[in-house]
């Protein structure tokens, strides 16, 4: 039995919940968002990923209503939301600092948005209880924000923003203040809650691991522009630029010139006198075009002797070893001076490790292991 | 939008009406002549006669008078002198206190703070009055000094400038201590330690590091003492003598005793002009402070 | 950790002695049997009795209290508005003038403020009385309130207001339900400050009071001009007593709140 795959972006019939259309946002001289067009679909867990200053927070604030676009339009369910003030939108936000009202109890914090809607008291009580159960905070309902821990405050912020059952929930770096273990647990909790409630989540983060874990699609941004929008696996395996390849996870970049040698096949000249690298690529390159081969460390095999029939093999010396318990990353220096990272699982104990510093080794990978990029 | 306008308008209009307009009136009256009338100045604005006739009657006679009679410019100078000296004295007393407060153990600080604030909230008039009983010829200070044998006959302190200095320092001390304390509190202790580590003695570190870095507090404190002291009335009136010339007292007497409103107004205008420079400087300093903190 | 050098200890002791000895002497001599406030004649509380029977003083006290409550409340409202405008108002026409008008009264000599207001009242034909004092006090007190409240508003976390808007509040509701409760301590200290300033004011009240309205400071001033008097000592002691009770209570309450808050936070992290 096949599980239906959630891919509304590939469905030509589907209409996006949110549509950015040629949106530009300028703050005086500074352009935060530059002619951006993007569609986000219902029930997506969409991540805006990028370094500080790339514009992701500005996009979020425009969705929430705290900024308006300088140019272009933003549509929510087909309606232009620019004239709608933040308190009238069916959008709620979970703030980075949580912004819990310090003078109200947890219960009152969660009930706050519901009271604005003038709902009957009984309905409000029921809904708050539901939210408390969802975030496992029933015991803390009467406490004030300063009387609970950081992780609990984060859950209150989440419960409060979900209480009004918004169509769209914006999360501004929600896990930044949590320690690593708590962060991982909370990531899965978030995904759970998102699926259970069927809400569309848009998360802003600079942590690529986080984006890769939770998101159905990731938008990598740089300087106010979208660089690539795709599912996590495509972003990782098929980055469309060196920027994306480098931003997500660890990557080796080898620069060279391409020479087509067959359908989808190229020889990359990367060093004088060395054998050209053998690459299969769906992107087309012309003869002599400068290109970059991006290859992930885990796809590079490290061995003591030259492998018999590898598509690509280069020789080098172990410069450094980063031991991370479960894996080791070997930094291997090639004769050109370039350093390639190769990652293997530590299937044997450290004392019986095959390679050590200064050892001569061979690195090898297949023709399809890397991605060939123009820039 | 409308709401925002109303929000700005209400306090704005209030201040315009009750702060700015009065000053305009003072200025106008400074240009008028005294008259035996109620109110005792002439001309009074008459809608019938119109602005032209009104302006024709105004002149700078009063300002000229201010320069002619010795009393006034002597009073201005005297006020300046007293204000500068008292500010300096207050700084001398206030800084060590603020410094001591900062170096005191953490648990003491709220109490010390409370001890500084309490006089601040107590009636100013009462505190000045308290010194009357102490500084008079039969007062407690003289009694104490005679009893200890330090002097033979009572010192005349009350109704002299000395009493005024004591009074000013006493009343304005909290205004000097608080800004300096808050500047010192924000000072990073490790800077002093770094200075000592690099070879400064305690005193040098204090002079070269602490004082310059608490400059903002010192400046704020000095302004908060100097500017009001310049126009101070109560202290010279109660503690000063007939030879204590302060412009606040002069203004009061012109107004209440001599009933010469135009001259009183002229005195006020000149005082205001004298104060504009320090006031603007004070405001700039405050603004810079605020921006630095944001 | 006690890092007090001998110099610090001396300067603190002398300094606080300087601040407090005059007040202590005042209090002691309010219980003096003898009329001369410089010679001790024995312990007696008779001056308090005389004071409480002094009609004109009581009347003046009542007027002073009325004026203080009215003007401080009005000043708090206006001052909070002004603070909000200054901190959140952004740029608007005449902003420099506005901020100048807010800060200037803080350092303006009272004789000038008093004179100018009196001339205004006469100029527009407003009869001087209790109301004119209230107007005068409100005007200079609102500036103090504005300074206190604006310094709190500047450090106020704006994301709390944004969260309120996000959850459905209008701007006014957000201010009423979120901002105001949180800055309430600053607003209250503003009120207290305005109240004290009004209670204590001599110069401005002298200029702007009418014949029917005498405030306590005016009465005290005319009395002490003639010399020291034990009734005034008694009055002073009462006033000092009230202020002391107020300040000490406020200090203790704040301290207890801080301790409790810290304890709560520590417990929270542990659970």
**OP:** Mind jotting down the distance between the C-alpha centroids of the stretch B:69-138 and the stretch C:169-233, whole Å?
**Re:** 21 Å
Subject >> Gyration tensor (alpha-carbon) shape descriptor, chain B, a/c threshold 1.5 >> reply: oblate
Subject >> Helix C:216-225 axis, angle to chain C major axis (alpha carbon atoms, nearest 10°) >> reply: 40 degrees
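Do the sum for chain A: with -39,500 (n - 2.57) for every DSSP H run of n ≥ 4, divided by all residues, what is the mean residue ellipticity at 222 nm, to the nearest 500 deg cm²/dmol?
Values: 8 runs with 84 residues, N = 375.
For chain A, the value works out to -6500 deg cm²/dmol.
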Subject >> Zone of residue A:10's modelled label, taken as backbone nitrogen in the stretch A:215-241 under 18 Å from a point 7 Å along Cα→Cβ >> reply: A:215-219, A:229-240
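Let me know the shape class of the protein assembly as shown, please: from the alpha-carbon gyration tensor, a ≥ b ≥ c as square roots of the eigenvalues, rounded when a/c is under 1.5, otherwise prolate if a/b is greater than b/c, or oblate.
On the way: a/c = 2.53, a/b = 2.16, b/c = 1.17.
Prolate, since a/c reaches 1.5 and a/b exceeds b/c.
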Original post:
With chain A treated as a Gaussian network of Cα nodes joined by springs under 10 Å, which of A:365, A:357, A:107 yields the largest mean-square fluctuation?
Top reply: A:357
Original post:
Which whole number gives the average, over all residues in C:258-266, of C-beta atoms from other chains lying within 10 Å of the residue C-beta?
Top reply: 2
Original post:
What is the antiparallel percent of DSSP beta bridges lying wholly in the stretch A:8-246, to the nearest 5?
Top reply: 50 percent
Original post:
Given springs between every Cα pair under 10 Å in a Gaussian network model of chain C, which of C:54, C:233, C:32 has the largest fluctuation?
Top reply: C:54
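Ordered by packing density, taken as the mean number of other Cβ atoms within 10 Å over each peptide's residues, highest first, how do A:30-41, B:237-248 rank?
Details: A:30-41: 18.1, B:237-248: 20.6.
Answer by packing, highest mean first, reads B:237-248, A:30-41.
Taking each residue of A:92-101 in turn, how many C-beta atoms of other protein chains fall within 10 Å of its C-beta, and what is the average? Write out the running numbers ahead of the final one.
Details: counts 4, 6, 2, 6, 1, 4, 3, 11, 2, 8.
Average per residue, whole number: 5.
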Original post:
Roughly what angle does helix B:21-30 make with the longest principal axis of chain B, taking Cα atoms, 0 to 90 degrees, to the nearest 10?
Top reply: 60 degrees
**OP:** Mind checking the full-extension length gain between residue B:202 and residue B:288? Use 0.36 nm per residue of separation minus the Cα-Cα distance, one decimal, nm.
**Re:** 27.9 nm
Original post:
So which residue, out of B:283, B:143, B:204, gets the largest mean-square fluctuation from a GNM of chain B using Cα contacts under 10 Å as springs?
Top reply: B:204
Original post:
For residue C:20 and residue A:26, what is the calculated FRET efficiency with R₀ set at 35 Å and r taken between the beta-carbons, to the nearest 0.05?
Top reply: 0.05
Original post:
Helix A:180-197 versus the longest principal axis of chain A: what angle, 0 to 90°, nearest 10, using Cα atoms?
Top reply: 60 degrees
Original post:
From the Cα gyration tensor of chain A, with a ≥ b ≥ c the square roots of its eigenvalues, which class applies: rounded if a/c is under 1.5, or else prolate if a/b is larger than b/c, or else oblate?
Top reply: prolate
Subject >> Cα pair distances exceeding 13 angstrom across the stretch C:230-271, given as percent >> reply: 65 percent
**OP:** Mind ranking A:161-168, B:255-262 by how tightly packed they are, going by the mean number of other C-beta atoms within 10 angstrom, highest first?
**Re:** A:161-168, B:255-262
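Which whole number gives the average count of other chain Cβ atoms within 10 Å of the Cβ atoms across peptide B:98-111?
Numbers: counts 3, 5, 12, 5, 2, 9, 6, 4, 1, 0, 3, 0, 5, 3.
Averaged over the peptide's residues, the number is 4.
Nearest 0.05, what FRET efficiency do residue B:67 and residue C:55 give at R0 = 51 Å with Cβ-Cβ as r?
Working: r = 48 Å, r/R0 = 0.95.
Computed FRET efficiency for residue B:67 and residue C:55 comes out at 0.60.
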Original post:
When the Cα centres of the stretch B:182-252 and the stretch A:157-186 are compared, how far apart do they sit, in Å?
Top reply: 50 Å
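Could you please rank C:208, C:196, placing first whichever residue has the fewest other Cβ atoms within 10 Å of its Cβ? The partial results should precede the final answer.
Values: C:208 26, C:196 21.
Result, fewest neighbours first: C:196, C:208.
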Subject >> Mean Cβ neighbour count within 10 Å, used as a protection proxy, ranking A:192-202, B:150-160 highest first >> reply: A:192-202, B:150-160
**OP:** Taking 7 Å along the Cα-to-C-beta vector as the label spot, tell me the residue A:180-residue A:336 distance in nanometres, rounded to one decimal.
**Re:** 3.3 nm
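Bear in mind that the values in this text are calculations on the coordinates, not laboratory data. Note that the structure is a prediction, hence the values are computed from the model and not measured. As a convention, Cβ positions derive from the backbone with ideal geometry for all residues, glycine included, and neighbour counts pool all protein chains shown.
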